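**Student:** Okay, handing you the structure first.
The values are calculated or read from the model by the stated rules, or taken from the named source; none is laboratory data. The shown structure was predicted, so the numbers you read here are calculated from the model rather than taken from an experiment. Here the Cβ positions follow ideal geometry from the backbone for every residue, glycine too, while neighbour counts run over all protein chains shown. Note: accessible area is taken over every heavy atom of the protein model, side chains too, but ligands, DNA and RNA are not part of it. Shrake-Rupley method; radii C 1.70, N 1.55, O 1.52, S 1.80 Å.
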Amino acid sequence: MLGAIAALCDDVHFIGAFDPKIRTFDIIMKTANGSSYNSYLVRGSEGVCVMDTVKKEFSEAFFQRLELLCDYDEIKYIVLHHLEPDHSGALEELMERAPQAKLIISGRAVMMLKGIIKTDVPFEVANTGKIISLGDKTIEFLSTPFLHWPDTMSSYLHEEKILFSGDVFGSHYYDERLFDDEVGDFAYAFKYYYEHIMRPFKQYVLQALKLYARFDITTIAPLHGPILRTNPQFYINKYAQWSSEEKFRKHEFGNKMLSVFYMSSYDNTHLMAEKIMEGADAVEGIVASMYDLASLDESNMIDLLEESDAVVIGSPTINGDAVKPAWDLLTCMAYLESGSKVGATFGSYGWTGEAPEMLHDRMRWLKFRLPVKPMKIKLIPTDDELDDCLSFGAEIAEITMGKLVEMEI
Amino acid sequence: MVSVYLQDDNIKIKVPVGTTMKEVARKAGAAMEFGCRVGDCSTCIAHVKSGMTLLNDKNEKEIKVLEMIGGNLSELRLMCQCSVKCEEGEIVISYGL
């Protein structure tokens, strides 16, 4: 049973699909009561525009809803705000059914399109400011990359003041009543979605909000969960607040935060950590702290990592590997921006000593800046080696404060 | 030696002719982002603020990808496709962290 076709206004309808049974989304997200794959149909005096499709296995509901509202030969444009499979799953079939339709994607989506549709299809690239017309309806595109895929864009339907925001402002929340004033309390899902999907891209969120601010928005039509029509500014303000907040008050005074995370089996890595912290903390403008990984839970790890301008991780080597809590710490970076953070690794070892280099390598893939080589010390540090730890901490701190790094290959 | 200044990381690294930007990024521990590393995905797009002529010429695939993305083509390069072709000079690169 399809149920009624929800109308955002006379000429804009929901043609997406509901997925009440999904419990884990994108491997990392829990979806306690399911989700929806939202897509929309916009009718103008000179044709129809389809905004996104759905996950492939939900194509039937999508096509059924679409067919209730238009004939395939009326479709002038198909817009994909990003090409993630949960929104592009029915694209290939839709293009076969409506071969005259022009596909609109962002520039960054061009290469991805070949991975989604294996045959060549005609498309047009939209950047900020591109406008398409459906006669009495005008759609303007906004480039809003990395939210949360690199190719993400948004669009604005001028006449109806509707923002099609892509995954921005989405929630994994299934409720067929669809509109924010009619569904149950989805506040937790809205925040959870932000924290897991948008939080790693805060700077891009703020850039997107600046673009959105140019428009008078009465409805936000995201790609998952409730359509936001009661007070769109409330949701925009939430995103602005979450993307701007600096939790650590010392940042307000121009200081930078350096965190030393460590785990120690015979106290030797701990001794190194203390000296590294001491060396770092002596550098003007740095506030250094140290944390025993044995006593940090995941939410504290995420908060501390987010606040840190420099992340220094120490682990002994046990059975040729770094200890699990050190790896757990780095998996938390999936929820955060890493771009400009300085990273470094260290550790005491008994036999083989791979841990600091393994962690260093992992941090390189996570896009930390890693200008200092890993430091490792065999078992108990000597006084000279502890002095080296002081210098190691000071060097990382100075680089964090903006010291130019010079090197040669 | 050519001096490569990675503006976003504040790292200046001297490299011999023939060094690839992938090597530069790895050796410098820079936060430069790479995706496919073969010139298809455009993840490693960067602005060459000066010293473009010190880099190897763009190949056909790189030109095609950059044209599809748009923007100022005289400044843009895919870092995975770049290597240093001259003995002397300075290259300044920003990849927009």
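**Student:** Express in whole angstrom the spacing between the alpha-carbon centres of region A:162-239 and region A:109-142.
**Tutor:** For region A:162-239 versus region A:109-142, the Cα centre distance is 22 Å.
**Student:** Right, another one. Roughly how crowded by other chains is peptide A:366-378, in terms of the mean Cβ count from those chains within 10 Å of each of its Cβ atoms? Please report the intermediate quantities before stating the final value.
**Tutor:** Numbers: counts 1, 6, 3, 11, 6, 7, 1, 1, 0, 0, 0, 0, 0.
Per-residue shielding by partner chains comes out at 3.
**Student:** For the protein assembly as shown, report the accessible area per residue in Å² (1.4 Å probe, heavy atoms, rounded to an integer). Walk me through the numbers before you get to the answer.
**Tutor:** Working: 21540 Å² over 506 residues.
So the protein assembly as shown comes to 43 Å² accessible per residue, rounded to a whole number.
**Student:** How large is the charge dipole for chain A, taken about the Cα centre, if only the Cβ atoms of Lys, Arg (+1) and Asp, Glu (-1) carry charge, to the nearest 20 debye? All intermediate terms of the calculation are to be shown ahead of the outcome.
**Tutor:** Numbers: 39 positive and 63 negative charges, 97 e Å.
It works out to roughly 460 debye.
**Student:** Calculate the mean, over all residues of peptide B:15-26, of how many other protein chain Cβ atoms lie within 10 angstrom of the residue's Cβ. Please list the in-between numbers first.
**Tutor:** On the way: counts 3, 2, 0, 0, 1, 0, 0, 0, 1, 1, 1, 3.
Mean number of neighbouring Cβ atoms from other chains: 1.
**Student:** Could you report the buried accessible area between B and A, both sides summed, computed with a 1.4 Å probe and given in Å² to the nearest 100? Show your work: numbers first, answer last.
**Tutor:** On the way: alone 5230 and 18430 Å², together 21540 Å².
Buried area (both sides, nearest 100 Å²): 2100 Å².
**Student:** Any idea of A:R108's accessible area? Nearest 10 Å², probe 1.4 Å.
**Tutor:** For A:R108, the solvent-accessible surface is approximately 90 Å².
**Student:** So what is the relative contact order for chain B, in percent, with contacts set as C-alpha pairs under 8 Å and at least six apart? Before the final figure, lay out the partial values.
**Tutor:** Details: 188 pairs, mean separation 41.9, N = 97.
Here the relative contact order equals 43 percent.
**Student:** Using alpha carbon centroids, what distance separates region A:349-363 and region A:384-398, in Å?
**Tutor:** Region A:349-363 and region A:384-398 have Cα centres spaced 18 Å from each other.
**Student:** Further question on the same structure: Could you tell me which of rounded, prolate or oblate describes region A:316-409, using a ≥ b ≥ c as the square roots of the eigenvalues of the alpha-carbon gyration tensor, with rounded for a/c under 1.5 and, failing that, prolate when a/b is larger than b/c and oblate otherwise? Can you show the working numbers first?
**Tutor:** Working: a/c = 2.03, a/b = 1.10, b/c = 1.85.
In terms of gyration-tensor shape, oblate.
**Student:** Rounded to the nearest 10 Å², what accessible area does A:M358 show when all protein chains are kept and the probe is 1.4 Å?
**Tutor:** It works out to around 70 Å².
**Student:** Now for a separate question. Hey, got the average number of other protein chain Cβ atoms within 10 angstrom for residues in A:132-142? Each step should come with its number before you reach the end.
**Tutor:** Details: counts 0, 0, 0, 0, 0, 0, 0, 0, 0, 0, 0.
For this peptide, the per-residue mean of nearby foreign Cβ atoms is 0.
**Student:** Work from the charge dipole of region A:12-100 (Cβ charges, +1 for Lys and Arg, -1 for Asp and Glu, about the Cα centre) and give the residue of A:V50, A:Y72, A:M29 farthest towards its positive end.
**Tutor:** My answer, from the dipole projection, is A:M29.
**Student:** Then there is this: Label A:E182 and B:N59 with points 7 Å out from Cα along Cα→Cβ: what is the distance between them in nm?
**Tutor:** In this crude label model, A:E182 to B:N59 measures out at 5.5 nm.
**Student:** Given a Förster distance of 30 Å, report the FRET efficiency between A:K403 and A:I380 from their Cβ-Cβ distance, rounded to the nearest 0.05. The partial results should precede the final answer.
**Tutor:** Values: r = 31 Å, r/R0 = 1.04.
So, using R0 = 30 Å, E works out to roughly 0.45.
**Student:** Taking a ≥ b ≥ c as the square roots of the eigenvalues of the Cα gyration tensor of region B:26-78, is the shape rounded (a/c under 1.5), prolate (a/b larger than b/c) or oblate? If you can, show how the numbers build up before the last one.
**Tutor:** Values: a/c = 1.68, a/b = 1.18, b/c = 1.42.
Cα axes put region B:26-78 in the oblate bin.
**Student:** Of B:K12/B:K58; A:K324/B:K22; A:K191/A:K367; A:K130/A:K191; A:K114/B:K22; A:K30/A:K256, which pairs sit farther than 28 Å apart, going by alpha carbon to alpha carbon?
**Tutor:** Working: B:K12/B:K58 24 Å; A:K324/B:K22 30 Å; A:K191/A:K367 26 Å; A:K130/A:K191 31 Å; A:K114/B:K22 25 Å; A:K30/A:K256 34 Å.
In this structure, A:K324/B:K22; A:K130/A:K191; A:K30/A:K256 exceed 28 Å between Cα atoms.
**Student:** Ok, one more. Take the solvent-accessible surface of the protein heavy atoms, probe 1.4 Å, and return the percent of it on the protein assembly as shown that carbon and sulfur atoms account for. Spell out each step's value before the answer.
**Tutor:** Numbers: 10820 of 21540 Å².
Summing carbon and sulfur atoms, their accessible area is 50 percent of the total for the protein assembly as shown.
**Student:** Keeping all protein chains in place and using 1.4 angstrom, which order do A:W365, A:W351, A:W327, A:W242 fall into by accessible surface area, from largest down? Walk me through the numbers before you get to the answer.
**Tutor:** Numbers: A:W365 140, A:W351 230, A:W327 60, A:W242 25 Å².
These residues rank, largest area first, as A:W351, A:W365, A:W327, A:W242.
**Student:** Long-range amide H contacts for A:T230: which residues qualify at under 5 Å (H placed 1.01 Å from N, peptide plane, sequence gap of 5 or more or a different chain)?
**Tutor:** HN-HN under 5 Å from A:T230: A:D180, A:D181.
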